[in-house]
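The values are calculated or read from the model by the stated rules, or taken from the named source; none is laboratory data. Because the structure is a prediction, the values reported are computed rather than measured. Cβ placement follows ideal geometry from the backbone for every residue including glycine, while neighbour counts extend to all protein chains displayed. To get the accessible areas, we keep the full protein, side chains included, count just its heavy atoms, and leave off ligands, DNA and RNA. Shrake-Rupley method; radii C 1.70, N 1.55, O 1.52, S 1.80 Å.
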Amino acid sequence: MKITNVRTRVFEWKGHTVAPQAHFCSNAMDELWDKGDSMGTFRFHGWTTVEVETDSGIVGLGNVALAPRIAKAIIDQYLAPLVIGHDPFDYEYLWQRMYRSTHAWGRKGIGMAAISGVDIAIWDLMGKALGKPVFKLLGGRTKEKIPCYASKLYRNDLDEMQREAQSYLDQGFKAMKMRFGYGPKDGPAGVRENLNSVAAVREVIGEDIDLMLECYMGWNLEYAKRILPKLEQFQPRWLEEPVLADDIDGYVELNKLTSIPISGGEHEFTHYGFRQLLEQRAVSVVQYDTNRVGGITAARKINAIAESFSVPVIPHAGQMHNYHLTMASMASPMSEFFPVHDVEIGNELFYYLFKGDPEPVNGFLELDDDLPGLGLELNEDYFDQFTIIE
Ligand SMILES: O=C(O)C(=O)C[C@@H](O)CO
Ligand SMILES: [Mg+2]
């Protein structure tokens, strides 16, 4: 089998989008003197699809969620020529070929995200060629079904957050993640708002439901050191991305500071990046996203490294490119699940672009032993809601 073509398309959402609101989600832009919608640069309203075609007629489907038009250009101009004419089953060689040839500029960030999209398509292709789901190529079924946590609860009026939390309980979820709306610039009043929102959600869900807290890089080390002891009373399962991804020393200090596990990794890249985080004990939960970190080829290596450190891997975002790795790894106890809803941040755009992602039942996701590849196809029902760039 030989790769004959790599087709990339950018899908830019033009359908209904929920208007942003203030203090929706703390984020890396908050500390800047800036007006307006600080979360604006972290909206994913475009997505790149990657279709790797072969001389056998089988096509593998991958995706990239960051900087879609740039990812497309990188794949079209640099990566496609490196894989065309090769056997997709030589996936390690092809990954190294893409990684090494773009090493000057692509080892992290959008270069590695583009490599991820091609790699995911190659794994989908291999599964389809063998008639096996990708997780069967990675180590097989380690779980009857995958526990997942509901991930939304963006900062809102407290009664609205309580209503939303209750809805996840009613759906049978045993874990959920909420977002903070305030950070260093909001001072003591913002600390109080943050604590009140956690108290409100904990009041609804009680002590026997896991609660995760998301900062999305919106705090700094000094602020996090002040607020973390105040959060211990709520016994969160983890506190996520308190500081910028490059502040690894900050992660190390916070991860030692209190009993609250610090999680991160959705903005880290390759097994080299995670070796550094794990060796320094920077995170207590690894959260790469397979469509950023280096695809399935890199993610499976990170799973092995994390397993040797006894650090759980709970990938960012759910979605099939992550679910298959979680199913196949004893290092991965659960998955993130973005509830299906109107387009806001854009994490939920996946459901409008692809068909095949499983719906959770009572907080569990199931994968099919007999569905080859990743089990996804493009959702043509919504094509008219996108501007499509070939
Ligand atoms: O789901 C996460 O972990 C994210 O970081 C999503 C991002 O949009 C902030 O909520
Ligand atoms: Mg996150």
Restricted to region 372-390, and to residues that are within 24 Å of A150 (Cβ to Cβ) and in contact (Cβ under 8 Å) with a residue 40 or more places away in the chain, which residue is surrounded by the fewest Cβ atoms within 10 Å (Cβ to Cβ)? Y382
Quickly run through region 29-52 and pick out the residues that are assigned to a loop (DSSP other than H, G, I, E, B), closer than 29 Å to V118 by Cα and either modelled with pLDDT of 95 or more or touching a Ser or Thr at 6+ places or on another chain (Cβ under 8 Å) (or both). H45
Region 43-68, residues that are within 19 Å of the chain's Cα centre (by Cα) and surrounded by fewer than 15 Cβ atoms within 10 Å (Cβ to Cβ): none
Using the structure shown, decide if Y323 is in a helix (DSSP H, G or I), of a type in the set (S, T, Y), buried (at least 24 other Cβ atoms within 10 Å of the Cβ) and away from ligand 2 (no atom under 13 Å from the Cβ). yes
Among the residues in region 13-22, are any at pLDDT 90 or above, touching a strand residue (DSSP E or B) at 6+ places or on another chain (Cβ under 7 Å) and not in a loop (DSSP other than H, G, I, E, B)? yes
Restricting to region 226-284, name every residue that is polar (S, T, N, Q), within 19 Å of Y216 (Cα to Cα) and open to solvent by less than 20 Å² (accessible area, probe 1.4 Å). S263
Residues (more than 16 Å from ligand 2 (Cβ to nearest atom) and not in a loop (DSSP other than H, G, I, E, B)) located in region 327-340: M327, A328
Go through (1) away from ligand 1 (no atom under 16 Å from the Cβ); (2) hydrophobic (A, V, I, L, M, F, W, C); (3) touching a helix residue (DSSP H, G or I) at 6+ places or on another chain (Cβ under 7 Å) one by one and return the number of the condition L211 breaks. (1)
Note on region 17-75: residues small (G, A, S), within 16 Å of ligand 2 (Cβ to nearest atom) and touching a Phe, Trp or Tyr at 6+ places or on another chain (Cβ under 7 Å) are S26, A65
